[in-house]
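Notes follow once the structure below has been shown.
The values are calculated or read from the model by the stated rules, or taken from the named source; none is laboratory data. Bear in mind that the values here come from a model prediction, so they are computed numbers and not experimental data. FYI the Cβ positions are ideal-geometry reconstructions off the backbone, even for glycines, and counts take in every protein chain you see. Surface accessibility is based on the protein's heavy atoms, side chains included, excluding ligands, DNA and RNA. Shrake-Rupley method; radii C 1.70, N 1.55, O 1.52, S 1.80 Å.
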Protein chains: 2
Amino acid sequence: MKGIAPLLCCCALSLLTLPALAADQDVIQFREAVMKTLNEQSAALGQIASGVIPDDNLVTHMDEIALAASAALKAFTPKVPGGEAKPAVWANWADFSKRMADFAQQTAAGAKIAREQGKDAALVQLINYADSCKACHDMYRQEKSSDTN
Amino acid sequence: MKGIAPLLCCCALSLLTLPALAADQDVIQFREAVMKTLNEQSAALGQIASGVIPDDNLVTHMDEIALAASAALKAFTPKVPGGEAKPAVWANWADFSKRMADFAQQTAAGAKIAREQGKDAALVQLINYADSCKACHDMYRQEKSSDTN
């Protein structure tokens, strides 16, 4: 698959490396891509929730965050400290992985609620996301830059 | 819905504003969240394609980019130049919106291919994403920072 890597450069050039150089940095970059996706979709949903952006695509954005959440734990399974992840992630793996699984469940439920019950009910569920995000970040994240939240 | 906005602060504090202050900046921030999601998922897929990250969640990531692509055009419908979007987006709206619709179709097809035909076939489709990304960015995007691609 090496051959096609250069062709993906438009969006991901800085993150591509050859398989032979697979290293901890790749693992860190990958999980940062996953967590930044969650961050961007949280931001988008926050704007919809606060009413500054129309809710036309509410279900789509709730599906997006649910999908991202469903894949997030996998990105942390390699025990590679670094980036903004505290070593506590792996020291307290049972707790961390339960939180991530709960988050995936909450976001999946939120997407279902948005689809079946509409915006108001979905936004109540969003409050739970917020609590989950904050509680987990407080324990397991050490923020290193100002451009992520 | 204003009341719950502060509770979403864990992930999106910097992007929340009150509805009364809804302004062009909100529109720009929202579409940047959408495009950064595409960027992060492109990066993740690039790493999977190049083999440095296992392909366990390939289908999930292809679903994520397809969902993000499906909602992307909507984020550009308000005619609000700024951020990294060139005014050409709105000057050439018919072309831009066709490109975005094609991109949404390609990514949806890619997710289906990943699900039904597996990794190798999906990665061929990824090459098309790359071409679409680059062609559209060349015409409609003026990069302003080094942290997005």
**Study point:** Around A:PRO87: net Lys/Arg minus Asp/Glu count, Cβ-Cβ under 13 Å
**Key:** +2
Review point. Which of the pairs A:LYS36/A:LYS98; B:LYS79/B:LYS144; A:LYS86/B:LYS36 have their Cα atoms more than 22 Å apart in this structure?
Key: A:LYS86/B:LYS36
Review point. Probe 1.4 Å, all protein chains in place: accessible area of A:GLU40 in Å², nearest 10?
Key: 20
**Study point:** Virtual paramagnetic centre 7 Å along Cα→Cβ of B:GLN117, amide N under 20 Å, in the range B:39-73
**Key:** B:45-46, B:48-51, B:55-67
**Study point:** Heavy-atom SASA rank of B:ARG115, A:ARG99 (probe 1.4 Å, accessible area, largest first)
**Key:** B:ARG115, A:ARG99
Review point. If the label for B:PRO54 sits 7 angstrom from Cα along the Cα-to-Cβ line, what are its distances to the same label in every other copy, in nm to one decimal, shortest first?
Key: 4.4
Exercise for review: Report, for A:LYS86, each distance to the same residue's label point in the other copies, shortest first and in nm; define the point 7 Å along Cα→Cβ.
Suggested key: 4.6
**Study point:** Summed buried accessible area for A+B [probe radius 1.4 Å, Å², rounded to 100]
**Key:** 5100
Review point. Residues of the range A:63-108: accessible area per residue at 1.4 Å, in Å²?
Key: 43
Review point. Which order do B:ASP56, B:ASP95 take when ranked by solvent-accessible area (1.4 Å probe, heavy atoms of all protein chains), largest first?
Key: B:ASP56, B:ASP95
Exercise for review: Could you estimate the translational diffusion coefficient of the range A:34-77 from the Stokes-Einstein equation, with Rh from the Kirkwood formula over C-alpha pairs, at 4 °C and 1.567 mPa s, in whole µm²/s?
Suggested key: 120
Review point. Can you give the accessible area of A:HIS137 in Å² (nearest 10), computed on protein heavy atoms with a 1.4 Å probe?
Key: 50
Review point. Any idea of A:LYS74's accessible area? Nearest 10 Å², probe 1.4 Å.
Key: 90
Study note, to complete from the structure: Shortest first and in nm, the label-point separations between A:LYS134 and its counterparts in the other identical copies (7 Å out along Cα→Cβ) come to 4.5
